[in-house]
Amino acid sequence: MKKKAIVTAIVAAMFGWQSIAEAASISTRVRILESKVQKHAQLLEQHKKQRSQYQQQMQKNLQEMRALKKEVEAKLDPPESEKPSVHAKRSPLRYAYP
């Protein structure tokens, strides 16, 4: 009977240790996954900040480009007083060739 009691105690202890080992394995896996999720969350946050900074820079550069475009257009377009009239552009009709 003593042998039977020892064997049952050993089997029960093995089942107990197996459940403890499985729980430890699960908790380890959960910790690993949590750390990976945290790293990805930090990476996403960093990319979000970089993207917003990039968009702000793009808006700033776009405004500068628009201002330069207005300056160039102002320099290229002569004022109304210097523009040739419609009549001056047309050639005399009697010398026109068909």
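With the structure loaded, tell me whether GLU22 is free of Cβ contacts under 8 Å to residues at least 40 places away in the same chain, acidic (Asp, Glu), exposed (fewer than 10 other Cβ atoms within 10 Å of the Cβ) and in a helix (DSSP H, G or I) or whether it fails that test.
Numbers: free of Cβ contacts under 8 Å to residues at least 40 places away in the same chain: yes; acidic (Asp, Glu): yes; exposed (fewer than 10 other Cβ atoms within 10 Å of the Cβ): no; in a helix (DSSP H, G or I): yes.
No; evaluated as a whole, the condition is false for this residue.
Say we look at region 53-98 and pick out the residues that are hydroxyl-bearing (Ser, Thr, Tyr) and at pLDDT below 95; which of these is farthest from the chain's Cα centre (by Cα)? Full working, then the answer.
Quick first cut of region 53-98, residues hydroxyl-bearing (Ser, Thr, Tyr) only: 54, 81, 85, 91, 95, 97.
If we keep only those that are at pLDDT below 95 as well, we get 81, 85, 91, 95, 97.
Working: SER81: 51, SER85: 54, SER91: 60, TYR95: 66, TYR97: 63 Å.
It comes out as TYR95.
The values are calculated or read from the model by the stated rules, or taken from the named source; none is laboratory data. It should be emphasised that the depicted structure is a prediction, and the values quoted were computed from it without experimental measurement. Cβ coordinates were reconstructed from backbone atoms using ideal geometry, including for glycine residues, and neighbour counts include every protein chain displayed.
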